[in-house]
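Everything on this sheet refers to the single structure shown next.
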Amino acid sequence: MTSPQESPSLLLDDVLIGRLRADLAAAGWSASAIEGMLSPMARAALDRDQFVPAAMELESNAAPAAVLTRLFVLGEAVERSEADSALPQLTVAGAVALGLIRESAATEAAPIRATVSLRPHDEWWVASDLTQVQTGRAPREDYVLGIASASANLESLTLRDSVDSALDLGCGCGILSLGLTRHADRVVATDISERACAFTRFNALLNEAPIDVRQGSFFEPVAGERFDLITTNPPFVITPRAARSTGVLEYRDGGMDRDQLIPWIIRESIGHLAPGGTLQMLANWEVKGEESDWAARPSEWIKRAVEPAVETGQSVNAWLVQRDLLDISQYAEWWIRDGLGAQVTPAEWRAEYRRWIEDFTFAGTRFVGLGSLAIRVGSNTASSGATSTLNLCCEYLPEGKAADAFAVQTALDNLAVPEDWESQPFLCAPDVREVRYFVPGSGNPELIRITQGRAGGRERSVTSAVAALIGVSDGEIAPAQVIPAIAQLLEQDEESVRAEIAGALPELLRSGVLVLV
Ligand SMILES: C[S@@+](CC[C@H](N)C(=O)[O-])C[C@H]1O[C@@H](n2cnc3c(N)ncnc32)[C@H](O)[C@@H]1O
């Protein structure tokens with residue numbers, strides 16, 4: 001752990017932050033500008049958190065965008081005169097005052113270094129703590145995460161319909177909150193960490209994004225309030241108690257036993273959703289049995305959490321997706337490496353590894369599932385006479401592109417197959433393609449794959465009968481009209497054709513291959 005004195009303390013000064021904004025804009029400092037200055041090799045290395053090639057390519061580039069990249073993205077030392085030219089309005093003195101540059105070095109003629117990471121992301125500039133790669137040190141307990149792959153994943157999953165209110169629970173540097181300001185009239189961000197709240201406030205000011213930042217534990221700062229959308233990338237890492245003896249890493253450990261934070265957040269979130277509201281979150285869950293049992297525990301959490309809503313007449317749609325399933329050693333290695341940093345000794349590594357494996361083994365955990373869930377609590381159905389229900393689907397989607405907001409929306413809207421599906425016309429979505437594999441010389445396909453461009457770019461194998469239905473789904477013909485013809489064509493009996501279509505239909509609807517018209 002590093003000492004608290006090394007913590008940057010950000011100054012939330014409108015005038016200075018306005019100057020910084022003007023300088024970054026004048027430098028044209030965007031993600032695409034950075035990409036444009038680097039070779040494909042340096043860009044790919046940067047994606048792997050390897051900064052050396054980019055630093056080598058930019059070291060003699062004095063353009064403001066290059067200097068800003070060296071200073072704030074790569075964590076390199078730059079000449080004070082270069083930094084002054086790249087920040088003409090703010091100046092190095094202003095950056096020191098804001099807490100972006102280390103003061104002691106900046107007062108000398110010596111090169112200066114940033115104390116925070118600042119980088120363009122989408123339309124934003126986002127400040128956070130320097131990463132382990134930049135500092136070479138293990139993260140401190142109140143480390144504020146930057147744009148990690150998990151944050152980017154949830155960002156792309158987030159539904160972007162216009163809403164009145166949105167809550168970002170555990171906001172960190174505020175990356176999700178910034179995105180929410182694009183489509184929510186009111187964005188509230190909470191975090192227990194004072195430093196995380198400071199970073200979110202700083203980023204809100206820098207990007208002129210209205211975010212109501214409230215410090216406190218999870219829902220405490222929003223007691224009694226309801227939101228149309230709740231997003232959270234919570235501190236979900238399942239951490240052995242023994243591993244907490246050196247302190248709790250706030251950015252990844254919510255402090256509850258094992259994976260119990262997740263069911264607690266789901267339950268509490270449901271109570272903070274406005275009618276028709278949606279919860280979207282990332283989660284980890286322990287798998288105690290076989291790999292195929294992965295959904296048992298998280299699906300039970302969801303059922304229990306939404307029970308009160310369903311009992312009071314609301315319909316709930318929930319889509320749980322597992323993206324990865326790690327055995328306990330893979331999970332332990334990943335998070336020990338993250339927590340201990342590069343300077344760990346072999347003895348420390350071995351001791352920590354033992355703690356994690358012993359803890360998981362004691363708990364009967366064999367695997368850990370990694371994924372996301374989206375839960376939409378519908379408006380009250382009691383007065384409309386419709387039956388309230390829970391439509392829950394659990395899918396393991398390890399392949400293909402990660403799902404996106406379109407995939408989430410499509411799934412939530414189509415979790416239930418209409419009872420009268422045979423008389424409903426379906427439309428085959430325009431991004432759907434069919435690939436047939438033949439044994440050479442054979443007239444019948446051995447395998448038929450249906451692929452999609454959108455909705456996560458998913459692929460699945462289908463039977464000839466299902467492919468035939470998809471092929472004729474032009475938005476006017478209902479299955480009942482074509483099942484007899486398909487059966488005749490394939491020399492199958494109608495009942496088996498119907499059964500094959502009924503079996504495939506839930507996934508085809510949920511993923512948007514077939515659209516109800
Ligand atoms: C995995 S980080 C996510 C940060 C950010 N939302 C993102 O996606 O990059 C989890 C965040 O939860 C915060 N956190 C930890 N315990 C908390 C608690 N009891 N209440 C609120 N936030 C908490 C941490 O400080 C951290 O900022």
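The values are calculated or read from the model by the stated rules, or taken from the named source; none is laboratory data. Owing to the predicted nature of the structure, the values given are computational and were not obtained by experimental measurement. All Cβ positions, glycine included, derive from the backbone under ideal geometry; neighbour counts span all protein chains shown. Note: areas computed on protein heavy atoms with side chains; ligands, DNA, RNA excluded. Shrake-Rupley method; radii C 1.70, N 1.55, O 1.52, S 1.80 Å.
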ask   = Can you find a residue in the range 219-228 that is touching a helix residue (DSSP H, G or I) at 6+ places or on another chain (Cβ under 7 Å), in contact (Cβ under 8 Å) with a residue 60 or more places away in the chain and more than 9 Å from the ligand (Cβ to nearest atom)?
value = no
inquiry  = Just to be sure I understand the filter: pairs with C-beta atoms under 9 Å, separated by 6 or more residues or on different chains, first member in the range 50-71 and in contact (Cβ under 8 Å) with a residue 60 or more places away in the chain, second member outside any helix (DSSP H, G or I) and surrounded by 14 or more Cβ atoms within 10 Å (Cβ to Cβ). Which pairs pass?
reply    = Phe51/Leu74; Phe51/Gly75; Phe51/Glu76
Selection status of Thr231, part of a strand (DSSP E or B), touching a helix residue (DSSP H, G or I) at 6+ places or on another chain (Cβ under 8 Å), buried (at least 24 other Cβ atoms within 10 Å of the Cβ) and at pLDDT 95 or above = yes
Members of the range 236-252 that are open to solvent by 10 Å² or more (accessible area, probe 1.4 Å) and either closer than 17 Å to Trp356 by Cβ or in a strand (DSSP E or B) (or both) = Phe236, Thr239, Arg241, Ala242, Ala243, Arg244, Ser245, Thr246, Gly247, Val248, Leu249, Arg252
note = All conditions in (1) within 15 Å of Leu508 (Cβ to Cβ); (2) open to solvent by 20 Å² or more (accessible area, probe 1.4 Å); (3) in contact (Cβ under 8 Å) with a residue 24 or more places away in the chain; (4) in contact with a strand residue (DSSP E or B) (Cβ under 9 Å, 6 or more places away or on another chain) are true of Arg454 except (4)
remark   = Restricting the range 167-195 to residues that are out of contact with any Asp or Glu (no Cβ under 6 Å at 6 or more places or on another chain), in a strand (DSSP E or B) and of a type in the set (Asp, Glu), the one most open to solvent (accessible area, probe 1.4 Å) turns out to be Asp191
message = Looking only at helices (runs of 4 or more DSSP H) that lie completely in the range 277-368, which have at least 2 residues being within 25 Å of Asp404 (Cα to Cα) and not assigned by TED's automatic domain parsing to the domain that holds Thr389?
response = none
ask   = Before we move on, is Ser156 outside the structural domain of Glu225 (by TED's automatic domain parsing) and of a type in the set (Gly, Ala, Ser)?
value = no
task = Take Val126 and decide whether it is within 30 Å of Val377 (Cα to Cα), crowded, with 21+ Cβ neighbours inside 10 Å and within 14 Å of the ligand (Cβ to nearest atom).
result = no
ask   = Residues of the range 40-64 being of a type outside the set (A, V, I, L, M), within 25 Å of the chain's Cα centre (by Cα) and within 20 Å of Ala27 (Cβ to Cβ), which ones?
value = Arg43, Phe51
ask   = How many of the residues making up the range 201-218 are on the phi > 0 side of the Ramachandran plot and within 15 Å of the ligand (Cβ to nearest atom)?
value = 2
message = If a residue must be assigned to a loop (DSSP other than H, G, I, E, B) and surrounded by 13 or more Cβ atoms within 10 Å (Cβ to Cβ), how many such residues does the range 400-451 contain?
response = 14
ask   = How many residues does the range 139-166 hold that are more than 13 Å from the ligand (Cβ to nearest atom) and open to solvent by less than 20 Å² (accessible area, probe 1.4 Å)?
value = 2
request  = Taking Arg376 as the residue in question, decide whether it is open to solvent by 30 Å² or more (accessible area, probe 1.4 Å), part of a helix (DSSP H, G or I) and of a type outside the set (A, V, I, L, M, F, W, C).
outcome  = no
query = farther than 24 Å from Glu399 by Cα, touching a residue at least 60 places away in the same chain (Cβ under 8 Å), of a type outside the set (Gly, Ala, Ser) and not in a helix (DSSP H, G or I) - does that describe any residue in the range 262-273?
reply = yes
note = Of the residues in the range 206-228, those that are surrounded by fewer than 19 Cβ atoms within 10 Å (Cβ to Cβ), over 22 Å from the mean Cα position of the chain (by Cα) and farther than 23 Å from Gly271 by Cβ come to Glu208
inquiry  = farther than 19 Å from Ser269 by Cβ and surrounded by fewer than 18 Cβ atoms within 10 Å (Cβ to Cβ): which single residue out of Pro308, Pro346 fits that description?
reply    = Pro346
inquiry  = Can you tell me how many residues within the range 231-259 are charged (D, E, K, R) and more than 12 Å from the ligand (Cβ to nearest atom)?
reply    = 5
